[in-house]
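What follows is one structure encoded as structure tokens, with my remarks underneath.
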Amino acid sequence: MIEVTLIDIPVKCRSVDSGFRKVLEKSLKAQELLYINKFPEARLLRNKRQFSRGVLSLLAHLLSGGVKASYFSYGQNREREILAAVRESRFVGINAMTVTYTAAIRLLARIKDENPAVITILGGSHPTYCADECLENDAVDFVVRGAGENPLRRLIEEYPDVGGIAGLSYKTEDKKVRHNKLEANVDRANILPAYDRLPAPLDEYKINLAVGDGCPFRCTFCTDWRRCRRLTLFDPETVTRELLYLKVHLPEFEVMQFFDSVFTWNPEQVKAVCRIIRDKNIRFRFLCDTVPAAVNQEIVEILASAGFIGIKLGVETDRNDILKVLHKPHTLNDFIRAADIIHEYSDALVTAYWMSGLPGSDAYSMRHTAGLIRDLMNDGVIDVLSHKLFIPYPGTDVFERPGNYSGRIAGCDWDSYDRMAGKPVYVTDGFESLNWVDYFTQIEQTALNAYCRRLGLSEDDLDNYDNVSSYKYGYCKIEI
Ligand code: B12
Ligand code: SF4
């Protein structure tokens with residue numbers, strides 16, 4: 001008997017408009033070539049598989065406590081294998097982002113058909129903020145809100161006596177939903193994800209690392225700061241343990257990303273982590289996310305010396321009035337200043353995350369933005385553009401109070417809550433005259449033109465670079 005089976009649904013594959021896809025694929029190839037030109041040794045993220053670090057962390061926590069647990073990745077393991085394990089399991093746990101929620105519910109229904117006695121648990125970014133909705137499904141017995149390590153372990157150990165388990169939501173005997181109080185911050189500092197349980201070799205996966213949890217800012221369209229009540233920094237020793245594990249199991253110069261919301265927020269932490277990377281001769285190449293206020297000469301030089309080849313900043317929009325409404329902690333000039341510092345003191349490429357369809361924008365201002373992006377790229381301020389659609393997810397202020405931002409939420413078709421979907425979820429009258437697919441294609445084409453100019457290549461030349469694509473939008477083999 002397996003005590004618990006965990007099933008990871010890492011992404012929901014989707015198709016995009018064919019014209020947009022053509023430009024996007026070329027643009028992704030060109031981005032990789034920009035990195036290859038500057039850092040020829042770097043092993044880039046070619047066709048990597050994805051996994052949820054959260055689910056691997058839960059698995060490691062359970063295994064270390066002696067729980068008999070199995071792990072599957074939906075889309076990588078065959079459904080037949082998964083259902084066979086489910087028949088033998090007492091509990092089944094699945095993760096869900098908003099965009100993978102319907103797939104998770106569908107799979108849970110199949111699981112209940114297969115083994116009606118199994119106890120099902122849903123966790124992750126979507127259930128954390130939509131527990132009531134999740135529990136309307138007969139296939140869902142429990143929802144874990146927030147960090148899942150302790151609630152899941154306790155549920156397995158204490159079921160059916162679950163009243164005192166923090167973070168748990170469930171239906172009581174009188175069919176009412178009960179939400180236990182939230183779990184306090186979980187110290188994940190000692191958990192090394194159970195990498196050895198992944199179904200494919202480790203070097204086939206995109207590795208995401210973290211040195212902490214949470215964000216010091218309070219942007220109204222984001223939940224990163226709500227997930228963790230205060231910004232928590234992990235002990236550098238734990239980070240060391242993970243990096244040393246990866247050093248043994250992965251080739252040199254593998255590229256991996258620190259996904260901390262603001263990786264350089266605490267200079268002492270950054271110095272400690274980069275010192276470890278250098279002292280232990282960990283020869284990977286790294287990417288990280290941060291904000292303009294946490295970029296300065298000293299930090300950039302330290303990052304460069306530890307092998308950071310890309311620094312990514314959430315610009316979101318050139319409109320300072322919109323940034324202010326969203327509580328974004330910078331202006332466009334702050335971003336330009338930070339990008340200049342990065343370029344002056346390192347070879348790292350600057351990625352700008354950019355969003356279209358933000359509250360306060362309209363079709364006219366977004367067309368103006370397209371010209372500005374072109375100029376920033378041609379001037380070498382932005383090396384790589386990561387342009388997405390604005391989607392307010394459950395748990396954000398914009399989702400909960402769209403009227404305060406002069407817009408409305410178009411509906412809860414969760415499958416369309418994808419930032420590459422090309423169809424806005426948050427709508428205002430100002431967007432009415434916009435053809436979104438054309439607009440997205442135009443922005444990506446602008447970026448592609450800038451990449452080609454930098455590379456000295458034509459678009460047709462890019463066709464000769466096969467298999468240089470890091471993201472699988474629109475041409476995934478697996479449909480959920
Ligand atoms: C790495 C990452 C990715 C990776 C891996 C995704 C994955 N499945 O984990 C990739 C690149 C694939 C990815 C893609 C996307 N991502 Co992403 N991603 C992240 C990021 C930066 C880190 C996730 C992580 O590993 N966290 C650390 C682990 C330890 O925490 P965790 O995953 O939350 O898991 C804990 C709990 O949630 C809970 N839990 C989770 N699962 C389960 C299951 C059970 C049974 C239980 C009991 C508990 C439980 O316990 C875990 C351990 O404590 C987060 C932001 C963040 N900092 O968390 C965004 C985030 C998860 N991503 C987000 C989004 C929107 C996306 C995209 C949809 C973006 C897009 N293109 O539109 C795409 C997916 C597109 C698609 N078509 O499928 C949003 C999700 C919001 C939402 N409500 O859905 C987040 C929160 C970012 C944000 N603030 O907007 N992402
Ligand atoms: S958008 Fe960035 S800075 Fe703002 S709360 Fe989210 S992670 Fe933090």
In the stretch 385-443, what residues are exposed (fewer than 14 other Cβ atoms within 10 Å of the Cβ), in contact (Cβ under 8 Å) with a residue 12 or more places away in the chain and among the polar types (S, T, N, Q)?
406, 433
As an exercise: evaluate residue 15 against (1) assigned to a helix (DSSP H, G or I); (2) touching a helix residue (DSSP H, G or I) at 6+ places or on another chain (Cβ under 9 Å); (3) surrounded by fewer than 20 Cβ atoms within 10 Å (Cβ to Cβ) and give the number of the one condition it does not meet.
(1)
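With respect to residue 267, is the statement that it is in contact with an Asp or Glu (Cβ under 6 Å, 6 or more places away or on another chain), closer than 24 Å to residue 339 by Cβ and of a type outside the set (Lys, Arg) true? Give the derivation first.
Working: in contact with an Asp or Glu (Cβ under 6 Å, 6 or more places away or on another chain): no; closer than 24 Å to residue 339 by Cβ: yes; of a type outside the set (Lys, Arg): yes.
In short, no.
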Can you pull out the residues in the stretch 256-279 that are touching a strand residue (DSSP E or B) at 6+ places or on another chain (Cβ under 7 Å) and not in a helix (DSSP H, G or I)?
256, 257, 258, 259, 260, 261, 262, 263, 264, 266
Of 209, 231, 202, 135, which residue is among the hydrophobic types (A, V, I, L, M, F, W, C), more than 13 Å from ligand 1 (Cβ to nearest atom) and in the same structural domain as residue 267 (by TED's automatic domain parsing)?
202
Return only the number of the condition from (1) among the β-branched types (Val, Ile, Thr); (2) surrounded by 15 or more Cβ atoms within 10 Å (Cβ to Cβ); (3) more than 30 Å from residue 358 (Cβ to Cβ) that residue 211 does not satisfy.
(3)
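From the list 276, 191, pick out the single residue that is modelled with pLDDT of 95 or more and away from ligand 2 (no atom under 14 Å from the Cβ). Spell out the reasoning first.
Details: 191 fails: modelled with pLDDT of 95 or more.
Among 276, 191, only 276 is modelled with pLDDT of 95 or more and away from ligand 2 (no atom under 14 Å from the Cβ).
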Residue 360 vs. criteria touching a residue at least 40 places away in the same chain (Cβ under 8 Å) and more than 17 Å from residue 420 (Cα to Cα):
yes
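Yes/no matrix, rows are residues, columns are (1) part of a strand (DSSP E or B); (2) buried (at least 22 other Cβ atoms within 10 Å of the Cβ); (3) out of contact with any Pro (no Cβ under 9 Å at 6 or more places or on another chain):
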| site | (1), (2), (3) |
| --- | --- |
| 293 | no, no, no |
| 304 | no, no, yes |
| 311 | yes, yes, yes |
| 334 | no, no, no |
| 340 | no, no, yes |
| 352 | yes, yes, yes |
| 355 | yes, no, yes |
| 358 | no, yes, yes |
| 364 | no, no, yes |
What are the residues in the stretch 92-102 that are more than 15 Å from residue 133 (Cα to Cα) and among the hydrophobic types (A, V, I, L, M, F, W, C), if any?
92, 94
Consider only pairs whose beta carbons are under 8 Å apart and that are at least six residues apart or on different chains; among these, list those whose first residue lies in the stretch 85-107 and is within 14 Å of residue 148 (Cβ to Cβ) and whose second residue is of a type in the set (Asp, Glu) and surrounded by fewer than 24 Cβ atoms within 10 Å (Cβ to Cβ).
91/3
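Identify, please: which residue in the stretch 397-429 is outside any loop (DSSP other than H, G, I, E, B) and within 16 Å of ligand 2 (Cβ to nearest atom) and is, among those, farthest from residue 14 (Cα to Cα)?
Narrowing the stretch 397-429 to residues outside any loop (DSSP other than H, G, I, E, B): 397-400, 402-405, 408-409, 414-416, 426-427, 429.
Those left that are additionally within 16 Å of ligand 2 (Cβ to nearest atom): 397-400, 405, 426.
Values: 397: 27, 398: 25, 399: 23, 400: 26, 405: 29, 426: 20 Å.
Here the residue is 405.
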Exactly one condition in (1) crowded, with 16+ Cβ neighbours inside 10 Å; (2) modelled with pLDDT under 95 is false for residue 316; which is it?
(2)
May I ask you to say which residue of 170, 129 is among the hydroxyl-bearing types (Ser, Thr, Tyr), buried (at least 16 other Cβ atoms within 10 Å of the Cβ) and in contact with a Phe, Trp or Tyr (Cβ under 6 Å, 6 or more places away or on another chain)?
170
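Across the stretch 44-69, what is the total count of residues that are under 15 Å from residue 95 (Cα atoms) and either outside the structural domain of residue 147 (by TED's automatic domain parsing) or touching a strand residue (DSSP E or B) at 6+ places or on another chain (Cβ under 9 Å) (or both)?
Taking the stretch 44-69 as the starting set, the residues that turn out to be under 15 Å from residue 95 (Cα atoms) are 50-59.
Next cut, either outside the structural domain of residue 147 (by TED's automatic domain parsing) or touching a strand residue (DSSP E or B) at 6+ places or on another chain (Cβ under 9 Å) (or both) only: 50-56, 58-59.
Of the residues in that region, 9 qualify.
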Within the stretch 13-31, does at least one residue satisfy the condition of being at pLDDT below 95, among the polar types (S, T, N, Q), away from ligand 2 (no atom under 16 Å from the Cβ) and touching an Asp or Glu at 6+ places or on another chain (Cβ under 6 Å)?
yes
The stretch 305-327, residues that are within 24 Å of the chain's Cα centre (by Cα) and away from ligand 2 (no atom under 15 Å from the Cβ):
306, 307, 308, 309, 310, 318
Return yes when residue 62 is crowded, with 19+ Cβ neighbours inside 10 Å, within 11 Å of ligand 1 (Cβ to nearest atom) and outside any helix (DSSP H, G or I) and no when it is not.
no
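The values are calculated or read from the model by the stated rules, or taken from the named source; none is laboratory data. All figures in this text were calculated on a predicted structure; none of them were measured in a lab. Every residue, glycine as well, gets a Cβ built from its backbone with ideal geometry; the counts of neighbours run over all protein chains shown.
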